[in-house]
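S.K.: Below is a structure I'd like to ask you about.
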Amino acid sequence: MSFDTTGPRSGYAIHETSLVTLRSSPPKERSDAARNRVAVLAAAAELFARDGVEHVSMDAIAAAAGVGKGTLFRRFGDKAGLAVALLDERERELQETILSGPAPLGPVTSTDKPDPRERLRAFVDAYAHYVLAHLDLVRMSETAAPGARYRIGAYRFWHRHTALLLAAARPGDDADALAHVVLAPLSAEHLHAVVAEQDADRALAAIDTAVTALVGEDVGGKGTRGS
């Protein structure tokens, strides 16, 4: 699977505008549709939190939201579609920080641009915490069908961001392919299995160790590794 990362390999800022076109955008809809959407998502979030994602039916969500089952299925399709919609706002917040927030997760500093290695480690940590905080929902959205994770619009954003940082940190390497490698252990299915067997802290530490081994530590850290 290829998401293009052509252009100067060290110029993250030159290509960062491409991330804007990939970020999640709020849906444009009529006022009545917007009200129904808010009611459905609020009902789904409450039921999922109370009973667990696997134990909540679409019928129960429709009843709690006060909308018809047909409206619910036409709008969201299934529970996986609801999961994607619930996660959308949280993903937008993370994406906005990546695009315009403070370093190291974002690009804004009072002095020099942040080291791409520092930004990559910050992103991986932030994204891993996001997945763990919403593990059941992310897992449902990513496993609804074979390859579902890679068809979700947000994955293209995460992949592009990761590839651009890798291109800056490791010029000459295949950043496009390496980005998929970096994102692979951050899948909800993988984290679900690892956390069940070990714990979240160990999983996070192992992921950071792997990313650091790939790109080295930032210049303000303990030192740099050769690549």
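We did not get these values from a lab; they are worked out from the coordinates using the rules stated. Please read these numbers as outputs of a predicted model, since none were measured by experiment. Reconstructed Cβ throughout: ideal geometry from the backbone, glycine too, with neighbour counts over all protein chains shown.
S.K.: May I ask you to order 195-207, 41-53, 147-159 by the average number of other C-beta atoms within 10 Å around their residues, highest value first?
M.R.: Working: 195-207: 13.4, 41-53: 16.1, 147-159: 18.0.
Top of the packing list down: 147-159, 41-53, 195-207.
S.K.: Report the net charge of residues surrounding His192, where surrounding means a beta-carbon distance below 15 angstrom and charges are Lys +1, Arg +1, Asp -1, Glu -1.
M.R.: Numbers: positive: Arg139, Arg149, Arg202; negative: Glu54, Asp136, Glu142, Glu189, Glu197, Asp199.
Its environment carries a net charge of -3.
S.K.: Continuing with this model, one more query. Order by neighbour count: Leu19, Leu166, fewest other Cβ atoms within 10 Å first, most last.
M.R.: Values: Leu19 18, Leu166 28.
Ascending Cβ contact count within 10 Å gives the list Leu19, Leu166.
S.K.: Need the full-extension length gain, Asp78 to Arg35, defined as separation in residues times 0.36 nm minus the C-alpha distance. One decimal, nm. Write down the numbers at each step before the final one.
M.R.: Numbers: separation 43, 0.36 × 43 = 15.48 nm, distance 1.91 nm.
Here the segment from Asp78 to Arg35 would lengthen by 13.6 nm.
S.K.: Could you work out the equivalent-ellipsoid semi-axes for segment 142-182, taking the square root of 5 times each eigenvalue of the Cα gyration tensor, largest first, in whole Å? Intermediate values should be presented prior to the final figure.
M.R.: Details: eigenvalues 109, 18, 6 Å².
For segment 142-182, the ellipsoid semi-axes come out as 23, 9, 6 Å.
S.K.: Roughly what would the spin-label model give for Lys69 and Glu46, points 7 Å off Cα along C-beta, in nm?
M.R.: 2.1 nm
S.K.: What distance in nm lies between label points placed 7 Å from Cα along the C-beta direction at Val20 and Tyr150?
M.R.: 3.0 nm
S.K.: Using the Karplus curve 6.51 cos²θ - 1.76 cosθ + 1.60 with θ = phi - 60°, work out ³J(HN,Hα) for each residue of segment 142-157 in order, rounded to whole Hz, and write x for Gly and Pro.
M.R.: With the stated coefficients, segment 142-157 comes to 8, 10, 4, 8, x, x, 4, 4, 7, 9, 5, x, 4, 4, 5, 5 Hz.
S.K.: If r is the Cβ-Cβ distance from Asp208 to Thr143 and R0 is 30 Å, what FRET efficiency results, to the nearest 0.05?
M.R.: Working: r = 25 Å, r/R0 = 0.83.
Efficiency for this residue pair is about 0.75.
S.K.: When averaged across all projection directions, what area in nm² does the alpha-carbon convex hull of segment 92-227 cover?
M.R.: Numbers: hull surface 33.9 nm².
Orientation-averaged projected area of the Cα hull: 8.5 nm².
S.K.: If we count every other residue with Cβ under 10 angstrom of Phe48's Cβ, Lys/Arg +1 and Asp/Glu -1, where does the sum land? Intermediate results must be reported in sequence, preceding the final value.
M.R.: Values: positive: Arg50, Lys79; negative: Glu46, Asp51, Glu54, Asp136.
It works out to a net charge of -2.
S.K.: Grab the Cα-Cα distance for Val181 and Asp59, subtract it from 0.36 nm times how many residues apart they are, and report the gain in nm with one decimal. Display every interim value, and only then the final one.
M.R.: Details: separation 122, 0.36 × 122 = 43.92 nm, distance 3.87 nm.
Between Val181 and Asp59, full extension yields 40.0 nm more.
S.K.: Taking amide H atoms as placed 1.01 Å from N in the peptide plane, list the residues 5 or more away in sequence, or in a different chain, whose amide H sits under 5 Å from that of Val108.
M.R.: Amide H neighbours of Val108: Gly101, Ala103.
S.K.: Of the listed peptides 210-217, 117-124, 138-145, what is their order by residue-averaged count of other C-beta atoms within 10 Å, with the highest listed first? List each step's numbers first, then the result.
M.R.: Numbers: 210-217: 17.6, 117-124: 23.2, 138-145: 20.8.
Averaged packing, sorted descending, gives the order 117-124, 138-145, 210-217.
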